[in-house]
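Read through the structure below, which is laid out as structure tokens, and then see the notes.
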Amino acid sequence: MLPVILKAATDEAYNNLVNEYIETYNEKPSIQQENAWKKLLDLLQELNVPHPIILEYPIFTERADIIFADKDKAVVVEAKGWRSVKKLGDNVVEADGELHLDPCYQLNNYVYKLNFFHSSNLKFKGLLFLYNTRDYSSEECKTLRTIEELRNELKNLPSGDLNDARKIVDSKLMLKHTFIELVKKVKEKRLKDVSKVLLSTGYGLTEEQMRVLKDVLDSLAKGERKNFIIQGESGSGKSLLAITLYLEALSRGYFAILAYKNNRLINAVRQALGRELSSLVMFYSTGRNIGIGEKGFDEWFSKHIKSKESKTDIDLIVFDEAQRMTDNVIRNSPKGKINVYFYDDSQVLIGNEAGTRENLLKYLQNVSEYKLSSPFREPKQYLEFVRKILQGEKAKSGDFDFKIFDNITDMFNELKNEKNHGMKTALICSFTESEGDNNNKTSWESTKNIRIGYPLQSGFDLYKGMKYEGNEIKVKWLMDEETEYPRYWKGELDSLKYCSSVYGSQGFEADYVGVVWGRDLIWHNGEWIVNPGPITDYVGGSSSLKKLANNPKKRDKALLLLKNRYYIMLTRGIRGVYVFFEDIGTAKAVKGLVQ
């Protein structure tokens with residue numbers, strides 16, 4: 001597995017790189033990548049320094065070319081063999097006829113991430129090595145052109161040994177901010193150069209993300225009418241890029257709207273952005289015919305917005321969580337000159353949600369399509385582990401902290417321990433056993449609002465007589481979208497006294513998440529099946545999970561939606577996910593699948 005550690009650059013290093021790349025990605029490197037490695041190894045042999053060398057070090061979704069190690073410091077070198085380079089605006093260049101991330105931005109992105117998130121606590125610095133061109137220059141990083149210049153720089157770095165290199169490789173990169181915290185940090189700094197602000201917090205955009213940003217902003221500048229659809233799996237940075245697009249457009253004077261369906265997420269985003277920046281954060285679907293994708297929006301917009309704004313045309317609409325759109329919402333949604341749709345087919349929750357790639361391409365015209373290929377929040381191996389478990393296959397969770405608990409109080413103790421060490425924790429429960437009391441959302445007396453405890457609305461008595469820290473165990477559903485949800489995900493409410501449903505967890509995350517796996521998706525006779533009885537989710541009316549689960553002809557659809565839900569719930573943790581099963585047989589089966 002990448003990276004590769006070398007005591008010195010040798011002829012065998014090339015084969016090591018190819019083999020480790022194949023083991024890491026289960027595919028062969030491209031011819032361009034192979035040629036770049038050959039040239040780089042030739043240069044390293046000519047460099048001939050005593051420092052141990054780390055090649056192709058993974059930094060979340062990307063890889064640093066070279067790291068030279070010392071006892072308490074390290075130098076990251078981004079090497080480029082481009083022959084011609086031309087800047088194309090903010091943070092993008094054209095190199096040898098192709099678009100790439102600005103190399104200083106890319107280098108600084110690596111260095112900031114390592115300094116913010118690397119558990120070794122080493123001090124990292126960066127050098128850009130452009131060995132074939134003098135076209136490019138920047139004040140954003142130190143640029144070297146020759147082997148001699150690089151050799152002189154490394155003289156200032158005392159030589160470490162292979163143990164120092166292994167210390168870097170064996171340490172972990174761990175995110176330190178949730179999405180909502182990050183939005184607040186961006187707002188608190190300044191509106192202009194949002195991508196630079198993100199860079200300085202360790203959350204610089206990847207080359208994939210920057211290409212989307214550039215293409216959208218270019219289309220705005222040209223006055224085009226166009227739709228962009230961007231697919232990305234859980235944790236790939238969709239919401240981060242959506243916020244960036246919205247703020248970058250506002251900073252350039254465009255009339256931009258950021259649109260969601262999830263009222264819990266939209267309220268948290270509005271609070272994080274503040275009143276001024278959140279005035280055009282809107283719903284794309286409301287059920288009251290005033291969402292952007294609903295027929296009454298134009299009339300509502302003319303009455304409430306056009307009369308207040310000197311500029312009335314909508315330049316840009318950014319739709320986050322577009323997988324939750326219905327067919328009609330997709331048809332009615334392109335109200336901006338430019339419309340951007342972020343979606344993930346595997347996060348559809350209700351029977352009538354239709355925001356899939358097929359439907360977006362079916363209903364939208366003049367479409368440019370992109371894919372954010374790699375996860376940012378959780379390791380790729382862990383996401384694959386979750387998928388395999390939900391397909392009933394054996395799998396390994398890798399280095400990610402995944403644990404199954406036989407007793408919910410043991411899981412609570414572990415979560416509390418992490419919280420006492422400064423970690424943000426959260427509890428997510430299956431939408432079962434109690435439905436929530438919409439008439440008394442904040443009441444602790446309504447049985448409908450209690451998800452864990454006794455008595456429960458369903459009569460389920462697993463928690464009868466159970467105590468936690470000397471008191472009867474009692475956990476309430478998060479219900480109030482404007483007060484409870486934003487405060488919970490900011491860490492202001494006790495994470496072990498409230499729990500979120502899948503609707504309230506989509507778009508959120510915490511360092512450690514406890515998942516209560518209910519009796520809705522259970523293992524029976526060697527396969528996953530739907531158990532309709534405990535399900536209390538009536539959201540969506542005739543298309544609700546409860547209605548689908550009770551209809552034998554639509555149970556396959558219900559099974560798919562349940563798997564989607566557990567995929568979301570099991571991927572909300574940045575550092576770890578802990579699980580308690582309310583069905584003993586299912587717990588035993590999943591333990592057998594975890595390798």
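Annotations
- Residue check: L220 meets all listed conditions (1) open to solvent by 50 Å² or more (accessible area, probe 1.4 Å); (2) assigned to a helix (DSSP H, G or I); (3) at pLDDT 95 or above; (4) not aromatic (F, W, Y) but one, namely (1).
- There is at least one residue in the range 489-510 that is part of a strand (DSSP E or B), open to solvent by 20 Å² or more (accessible area, probe 1.4 Å) and touching a strand residue (DSSP E or B) at 6+ places or on another chain (Cβ under 9 Å).
- Flag if I473 is over 21 Å from the mean Cα position of the chain (by Cα), buried (at least 16 other Cβ atoms within 10 Å of the Cβ) and of a type in the set (V, I, T): yes
- The range 79-92, residues that are crowded, with 18+ Cβ neighbours inside 10 Å and modelled with pLDDT of 90 or more: A79, K80, W82, V85
- Count of the range 81-98 residues which are in contact with a helix residue (DSSP H, G or I) (Cβ under 9 Å, 6 or more places away or on another chain) and either part of a strand (DSSP E or B) or within 22 Å of A221 (Cβ to Cβ) (or both): 8
- Residue check for V515: out of contact with any Lys or Arg (no Cβ under 7 Å at 6 or more places or on another chain) and part of a strand (DSSP E or B): yes
- Scanning the range 53-96 for residues that are farther than 29 Å from I5 by Cα and of a type in the set (D, E) yields a total of 3.
- Residue within the range 187-208 that is assigned to a strand (DSSP E or B), at pLDDT 85 or above and either in contact with an Asp or Glu (Cβ under 7 Å, 6 or more places away or on another chain) or farther than 22 Å from Y110 by Cα (or both) present: no
- Look at the range 281-293: where a residue is free of Cβ contacts under 8 Å to residues at least 24 places away in the same chain and a partner is assigned to a loop (DSSP other than H, G, I, E, B), sitting 6+ places away or on another chain with Cβ atoms under 7 Å, you get T286/E294; N289/K295; N289/G296; I290/G296.
- Note on the range 112-123: residues that are open to solvent by less than 60 Å² (accessible area, probe 1.4 Å), closer than 20 Å to L199 by Cα and either at pLDDT 95 or above or assigned to a loop (DSSP other than H, G, I, E, B) (or both) total 1.
- Members of the range 44-78 that are more than 20 Å from L199 (Cα to Cα), open to solvent by 20 Å² or more (accessible area, probe 1.4 Å) and either modelled with pLDDT of 90 or more or of a type outside the set (D, E) (or both): Q45, E46, N48, V49, P50, K71, K73
- Residue list for the range 247-273, filter: part of a helix (DSSP H, G or I), of a type outside the set (S, T, N, Q) and over 17 Å from E224 (Cα atoms): L247, E248, L250, R264, L265, I266, A268, V269, R270, A272, L273
- Within the range 565-595, considering residues that are polar (S, T, N, Q) and modelled with pLDDT under 95, the one least open to solvent (accessible area, probe 1.4 Å): T571
The values are calculated or read from the model by the stated rules, or taken from the named source; none is laboratory data. The structure displayed is predicted, hence computed values, not measured ones. All Cβ positions, even for glycine, are placed from backbone atoms using ideal geometry, and neighbour counts span all protein chains on display. These accessible areas exclude ligands, DNA and RNA; they are computed on the full protein's heavy atoms, side chains included. Shrake-Rupley method; radii C 1.70, N 1.55, O 1.52, S 1.80 Å.
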